[in-house]
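Undergrad: What follows is a single structure, and I will ask about it in a moment.
The values are calculated or read from the model by the stated rules, or taken from the named source; none is laboratory data. These figures come from a predicted structure and were not determined experimentally. Note that each Cβ is placed from the backbone with ideal geometry, even for glycine, and that neighbours are counted across all protein chains shown. For the accessible areas, the whole protein counts, side chains as well, though only heavy atoms, and no ligand, DNA or RNA atoms are used. Shrake-Rupley method; radii C 1.70, N 1.55, O 1.52, S 1.80 Å.
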Amino acid sequence: MAVETLQGLSTQEAAARRAQGQGNDAKISTSRSYAEIIRGNVFNFFNMILFSIGAVMIGIGRVGDAVTSVGLIFVNVIIGMVQEVRAKQQLDQIALLTRPRVNALRDGAEQALDPAQLVIGDVIILRPGDQIVVDGVLRQGEVEADEALLTGETDLVKKRPGDNLLSGSFVVAGSGYMEAIQVGAESYANKLTASARQFTVAHTPLQREINFILRLLMLLAGFLGILFVISFALASTPFVRQVQAAAIIAGLIPNGLFFMVILSYAMGALRIVRRGALVQQSNAVEALSNVTVLCTDKTGTLTANRINYDSVHPISVDQAELERALGDFAASASANNKTGEALAKALTGTRHTVTDEVQFTSALKWSALSLDDDTRRGVYALGAVEMLMPHLTAELDPATLEQAQVWSNEGLRVLMLAHDPEPQALHTAAGDPTLPPLTPLGLVRFSDELRPHLKETLGEFVRNDIELKVISGDNPQTVAALARQAGFAGDLKYVSGLEIAEMDDTQLAAVVKETTIFGRITPEQKERLVDTLRAQGHYVAMIGDGVNDVLSLKKADMGIAMESGSSATRAVADMILLGDSFEALPPAFTEGQRIVNGMGDILRLFMTRVLYSALLIIATAVIGVGFPYLPKHNALLVFLSVGIPTLGLAVWARPGAQRRGSLLKSILHFVIPAAFMVLLFGLGVYLVTFFVSAFRLVDFEITPAEIALFQEYVGIDYSIVDADQYILEVSHLTAQTALTAFTTFAGLLLLIFAEPPTKWFVGGDELSGDKRPTYLALALLIVFFTIVTIDPIRAFFELVDLPLYVYLILMGVTAVWALILRASWRGRWLQRFLGVEF
């Protein structure tokens, strides 16, 4: 089938095929689907345990316990789903605007279509860098396809007319026309569920640490659960009490952490979008904070991705003929890169008959045409000087080499045009590109435009302790010169891909540590450099815009693509820079820091609460004075000291350099002393209150009405037991009420200690100066006193009506606790006792 006969479908034919179900139902996926959002928020393992316990409570008539135990979970679920759905909708709208277009023939003309508009039978135009979005057959032309996402093999596959093309692959070189055969769910990539983005999904360090914490707490809760099942069986504990204890033990697993991570990612992604970057993987926001090395190309980062033709240096022809040859070369090529576009814009050229063509690739670093008509004949090759020199019939004279060196040192891009007078094949029998002996016609120089505000942007990377490595296909001296103009400080060391090709892994590792500029690098070498940096312990981010960057983007810990880049790079990237805004990266790194710092504070409160709760459960069981909380007490405590405060910490998280290494280790300085101090003081409050009440040091009246009310509280019939047994049970409830009050006061103070508003509160964490968490703590304190003051609300939460002086005593105890805890943090008592540092 000749190219001229390809007309494609008409608009009416495409509409008819879509109506028959032959359309490409391509979906945008910038985050979890709605079904995944519901599943992740509602039906996770921890929620199902608590929901089951809540169902049992309802079955035995303890509806209030079920509401308070599971109610907070439902609040988390609703808020989590609402926030994530809102974020998804906004991100999907932005993704729709930046979604790559597919060029296809419709009504006999080329049209840019959304991938979802394709139908079976559409004729799609393929060019270098295009992603193949449906399965089809190549009808015209020849292309080299990268099928690594489908097969795992990085070798390019040559495709000729009649060969199959699979969705999920990319066109690296060549051009042609393919006919869509399989679309939507029937395409190869969808059947394998192996899209480009899924290929690179990986957990970040924060996600791995939180998963570790949750598994650890699952073991702790499971161990305590087994012990209490045995204990309850031996003691014949009423079933109501068994279910209540199970709810509290299951609550030791802080399932709210899931919600907090999702919420933090969604908020961070929205803030980054407003700064000019689209997040394609939700965890990429946090991953930014871990980056220690940023690998970037010169084009689009140091420069504005705009190349201008400057001048020529003739060698064997005069300037006029050299410029005519360059113009004809650009006009005759089937596809031009940025260099060809600059030539076509600056020089007038005539299109000539092309008998063979080799398009530019990053591996070759040259392109060539074989022309054969009356006005221009022979082979013309345009490429990097050092890559064409092996094909020259004679060595370049010293003056030409010196001129090329001078231009490179000035930061200019230097290419050479060479010629053979006879038109001939540019491919071997095996299809590999080849060149005949060439005569140099002249040097061509191009200038790159530096990006605006580049020095300020580079300064932000330095302040964030992020090392930059410039990996380019251009001459390393040219790149180094541009880097100096951009503001890179110090003696910049550079190396070329030709030198790297001769190095073994040990030599390369040594060079990578000391070198900033890497020039004349092939795609495979980019991948090797990323592997080397990761092997040295770096967390590597890679910026790319061309299909030659796909391999390295997939290998990096985080891939970042330019919006104007190829479909291939955008598909595999974790983040896309909208408008090619390199300036958006420093704020994006800041958002990553904000998430990690916020999660650090959130983990401090969660872990402290879980640890002291577990220790109190164990301590009261060992002493034999009952269980420290009822489910309603625990729900109130979690809501006031962890639930609402962590929401505030997530929203108010601030950027700033964080401690490298394990986040879990960095919070131990706060968590362990705080949890043990709460244990010591909380156990004291519980025991003193229990014994004061049990030995009737504080007299209270025992009436049938009081017994009936207590029976309603605990769900156990005490009307048939003696007064002493009733007093013992009331003593438990009184002690539980006092402990709930103290741990609530302590939890609110821990919120202030986690974000110290003034120097006085500094000890467990660094000074933040943010007074909003303090105001939140005061507001929640008012909420607590409102609850214990209003009889129906206090009765609902099964709290004893303690006298005002008891609350004042408890606040005094909390103040003493805070002073001792602050001293222990500042004096590093625990670290000194253990002889370790954390």
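Undergrad: State whether region 376-477 is rounded, prolate or oblate according to the following rule on the C-alpha gyration tensor (a ≥ b ≥ c being the square roots of its eigenvalues): a/c under 1.5 gives rounded; otherwise a/b larger than b/c gives prolate, and the remaining case gives oblate. Don't jump to the answer; show the numbers that get you there.
TA: Working: a/c = 3.08, a/b = 2.07, b/c = 1.48.
Prolate, because a/c is 1.5 or more and a/b exceeds b/c.
Undergrad: How much accessible surface area, in Å² rounded to 10, belongs to the heavy atoms of Arg594 with a 1.4 Å probe?
TA: The value for Arg594 is about 50 Å².
Undergrad: Could I ask something else about it? Cα centroids of region 363-402 and region 461-492: how far apart, whole angstrom?
TA: Each part reduced to its Cα centre gives a spacing of 29 Å.
Undergrad: Can you run phi through the Karplus equation (6.51, -1.76, 1.60; θ = phi - 60°) for region 822-830 and list ³J(HN,Hα) in whole Hz, with x for Gly and Pro?
TA: 4, 5, 5, 5, 5, x, 6, 4, 5
Undergrad: Give, as a single signed number, the net charge of other residues whose beta carbon lies under 12 Å from the beta carbon of Phe488, with Lys and Arg counted +1 and Asp and Glu -1. Don't skip to the answer; put the middle values down first.
TA: Working: positive: Lys298, Lys455, Lys469, Arg484, Lys493; negative: Glu467, Asp491.
Cβ neighbours under 12 Å give a net charge of +3.
Undergrad: A further question on this structure: Around Leu392, which amide H atoms from residues at least 5 apart in sequence, or from another chain, sit under 5 Å from its own amide H, with H modelled in the peptide plane?
TA: For Leu392, the qualifying residues are Leu438.
Undergrad: With every protein chain kept in place and ligands, DNA and RNA left out, what is the accessible area per residue of region 726-838? Probe 1.4 Å, answer in Å². The partial results should precede the final answer.
TA: Details: 4980 Å² over 113 residues.
It amounts to 44 Å² per residue over region 726-838.
Undergrad: Take the cross-link list Lys158/Lys345; Lys469/Lys555; Lys159/Lys298; Lys298/Lys365; Lys159/Lys526 and give me the ones stretching past 23 Å between alpha-carbons.
TA: Lys158/Lys345; Lys159/Lys298; Lys159/Lys526
Undergrad: Let me ask something else. Please list 10-21, 360-371 highest first by mean number of surrounding beta-carbon atoms within 10 Å per residue. Let's see the in-between values first.
TA: Values: 10-21: 13.6, 360-371: 21.8.
Answer by packing, highest mean first, reads 360-371, 10-21.
Undergrad: DSSP loop GluC sites (Glu not before Pro) in region 476-524 with at most 16 other Cβ atoms within 10 Å of their Cβ, which ones? Intermediate results must be reported in sequence, preceding the final value.
TA: Details: sites: Glu499, Glu502, Glu514, Glu524; in loops: Glu502.
Sites meeting the loop and neighbour criteria: Glu502.
Undergrad: Moving to a separate point now. Which GluC sites (Glu not before Pro) in region 376-450 pass both tests, a DSSP loop state and at most 15 other beta-carbon atoms within 10 Å?
TA: Working: sites: Glu386, Glu395, Glu402, Glu410, Glu449; in loops: Glu395, Glu410.
The qualifying sites are Glu395, Glu410.
Undergrad: Now for a different question. Please compute the contact order of region 270-368 in relative form: average sequence separation of alpha-carbon pairs under 8 Å and at least six residues apart, divided by the residue count, as a percent.
TA: 18 percent
Undergrad: Using the Karplus curve 6.51 cos²θ - 1.76 cosθ + 1.60 with θ = phi - 60°, what ³J(HN,Hα) values do you get for each residue of region 770-780, in whole Hz, with x for Gly and Pro?
TA: 8, 8, 4, x, 5, 4, 5, 4, 5, 5, 6
Undergrad: In region 450-529, what trypsin sites (Lys or Arg not before Pro) fall in a loop by DSSP, with at most 14 other Cβ atoms inside 10 Å? Please list the in-between numbers first.
TA: Working: sites: Lys455, Arg463, Lys469, Arg484, Lys493, Lys513, Arg520, Lys526, Arg528; in loops: Lys493, Arg520.
Listed in order of number, the matching sites are Lys493.
Undergrad: Pop out the carbon and sulfur fraction of the accessible area of region 416-502 as a percent, whole number, probe 1.4 Å. Intermediate results must be reported in sequence, preceding the final value.
TA: On the way: 1930 of 3810 Å².
Solvent-exposed carbon and sulfur of region 416-502 make up 51 percent of the total.
Undergrad: How large is log10 I(q)/I(0) at q = 0.10 Å⁻¹ when the Debye formula is applied to the Cα atoms of region 458-610, each weighted equally and without solvent?
TA: -0.41
Undergrad: So which lysines can Lys759 reach, going by Cα to Cα under 19 Å and dropping same-chain residues fewer than 8 places off?
TA: Hits, sequence-local ones excluded: Lys771.
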